[in-house]
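The next block holds one structure in the form of structure tokens; read it before the comments.
Every number here is computed from the coordinates shown, using simple stated rules; none is lab data. Everything numeric here is computed off the predicted structure, so don't read it as measured data. Every residue, glycine as well, gets a Cβ built from its backbone with ideal geometry; the counts of neighbours run over all protein chains shown.
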Amino acid sequence: MFQIDFTPEALADLLFFRAYEQRQIIQAIETQLPYQPTQPTRNRKQLRPNALAEWELRIDNFRVFYDVDSELSLVKIEAIGYKEGNTLFIHGEEYEL
């Protein structure tokens, strides 16, 4: 089982959303990431190399970006954003991956 750790930036991102959305995001993280976080699924994929994170978890229009340290059994949540169409927003600002 992997431990889940949020960066301070990811916690700030989470507070950007309404309480209902926060619960929805946290529930998906707790359900999908403790076991086999590096296993690609319909809602989880490995990203091309970028400055943000190695993996993405999709929850409706929300996106959770995370890195995995297999040796420490740690999932590090780097950022949480949302998509409108093909545009990704993180910290309320448009972001290019």
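Suppose we filter I4, I25 for residues that are within 13 Å of the chain's Cα centre (by Cα), closer than 14 Å to K76 by Cα and of a type outside the set (S, T, Y); which single one remains?
I4
Exactly one condition in (1) surrounded by fewer than 19 Cβ atoms within 10 Å (Cβ to Cβ); (2) farther than 15 Å from F89 by Cβ is not met by A53; state its number. It fails just one condition, (1).
Filter the stretch 83-94 down to the residues that are touching a residue at least 40 places away in the same chain (Cβ under 8 Å) and surrounded by 11 or more Cβ atoms within 10 Å (Cβ to Cβ) and list them by number.
I90, H91, listed by residue number.
Note on the stretch 21-42: residues that are under 20 Å from S70 (Cα atoms), without any contact (Cβ under 8 Å) to a residue 40 or more places away in the chain and in a loop (DSSP other than H, G, I, E, B) total 7. Looking only at residues of the stretch 48-91 that are in contact with a helix residue (DSSP H, G or I) (Cβ under 9 Å, 6 or more places away or on another chain) and outside any strand (DSSP E or B), we find that the one that is farthest from E30 (Cα to Cα) is H91.
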